[in-house]
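S.K.: Have a look at this one before I ask anything.
What follows draws every value from the coordinates through simple rules; no lab data is involved. From a predicted model like this one, the values you see are computed outputs, not experimental measurements. Positions of Cβ are generated from backbone atoms using ideal geometry, with glycine treated the same way; all protein chains shown enter the neighbour counts.
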Amino acid sequence: MRWDYKDPRRGSSFEYTNLFDSMARMPGISADLFPFDEIERMHGRNVMNDMLIKTVKETTPDLVFFFLYEDEFSTETVDKITRHTKTFNWFADDHWRFEIFSRHWAPHFTLVGTTDWSAIDRYEKAGVANVIATQWACNHHVYRPEGIEQDLDVTFVGQVHGKRREIVARAARAGISIQTWGAGWATGRLTQAEMIRVFSRSRINLNFSEGSAPRALLRRIRFVVTEGRHLVPPGSMRTRFNALRAREHPQIKGRTFEIPGCRALLLTEPAEGLGHYYAVGEEIATFETLDELVDLCRQYLRDSSEAERVATAGYERTLREHTYEHRFQEIFSQLGFSS
């Protein structure tokens, strides 16, 4: 998608800013964008699908890289493309979308990737073998240190949901003032440039690991066999209810890599596999309880040199291993492309 949740008023989408921009900057790569949200809005779904097939035939790419969102494409469109060239889809949110979405789409691609390590076994049990584990990362061309004064103590950038408002309020009562921005907070949303600047200005950047998804997306889940018009999952109420409950499962997010990529200190809730990417206490910091959050905030605010040491180590690890170029190189290798 070109725009965040298909809405130009919200600015560029995560996929465009991070995945497409990173890929387009890679040496030896020529990447063309097919902004399916814009094309669908102008011409409708069916014409958009036909235009994609036509574009692939005319440009004969080595790879068609998808990031599926809802029901914009038909399985027939993806099948036609996969028969003629390699295709890849990046699946996000498999902790709740696997049963209702991903497992049904995966067989239509040459290869798929999931950011949820635990989903690999579920793919295999479902008979889907063309899957690899990948992970979010940092677009180091965009998220980078700004070299400005750290005049903010503790900040959080993200929408209000789950327990976030309560944690911020309880931390304030314990003497830790957390400045917040995002949908649902009184201060509202920041632009991407403003957000990156906040990361650099903050002595401590908080991150919460519970997932989220637009409830409207869950309401749109259907099972339509004849047209393939909607998402392809079984549409039982139990399946949808389980997906709704699983949204809050702790997960690694893009913010996990973007904050260290700005040479800023990340203080985050833990998530499965996090220790594989960063050394806790050395490159990032984690908390599980409010008391731990408060204690760590006090520690790093008191000892700025230690906070800077951890932030610098996290930054160096990010550039060394966790840019999107690293992720794409792994994916391209799995697809049989040489470095």
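S.K.: Counting pairs of alpha carbon atoms under 8 Å apart in space and at least six apart in sequence, what relative contact order in percent does the stretch 96-152 give?
M.R.: It comes to 32 percent, rounded to a whole number.
S.K.: Please give the FRET efficiency for residue 26 paired with residue 149, using the beta carbon to beta carbon distance and R0 = 45 Å, rounded to the nearest 0.05.
M.R.: 0.85
S.K.: Could you derive backbone 3J(HN,Hα) for the stretch 15-22 from the dihedral phi with the Karplus parameters 6.51, -1.76 and 1.60 (θ = phi - 60°), listing whole Hz in sequence and x where the residue is Gly or Pro?
M.R.: Here the 3J(HN,Hα) series is 4, 5, 5, 9, 6, 5, 4, 5 Hz.
S.K.: Among 190-202, 81-93, 293-305, 253-265, what's the highest-first ranking by average C-beta atoms within 10 angstrom per residue?
M.R.: Going by the mean number of other Cβ atoms within 10 Å, highest first, we get 253-265, 81-93, 190-202, 293-305.
S.K.: Under a Cβ-Cβ cut-off of 13 Å, what is the net charge of the residues other than residue 139 that fall near it, where Lys and Arg count +1 and Asp and Glu count -1?
M.R.: Surrounding charge for residue 139 is 0.
S.K.: So, one more: Take peptides 67-78, 169-180 and line them up by average Cβ neighbours within 10 Å, highest first, as a rough protection proxy.
M.R.: 67-78, 169-180
S.K.: Counting DSSP beta bridges in the chain, what percent are antiparallel, to the nearest 5?
M.R.: Beta bridges within the chain, antiparallel portion: roughly 5 percent.
S.K.: Which order do peptides 282-289, 2-9, 310-317 fall in by mean Cβ count within 10 Å, highest first?
M.R.: 310-317, 282-289, 2-9
S.K.: In the neighborhood of residue 201, defined by Cβ-to-Cβ distances under 11 Å, what is the net charge if each Lys or Arg adds +1 and each Asp or Glu adds -1?
M.R.: Around residue 201, the surrounding residues sum to -3.
S.K.: Next question. Over the chain, what relative contact order in percent results from Cα pairs under 8 Å that are six or more residues apart?
M.R.: 16
S.K.: Compute the signed sum of charges (Lys and Arg +1, Asp and Glu -1) over the other residues within less than 13 Å, Cβ to Cβ, of residue 298.
M.R.: So the surrounding residues net to -4.
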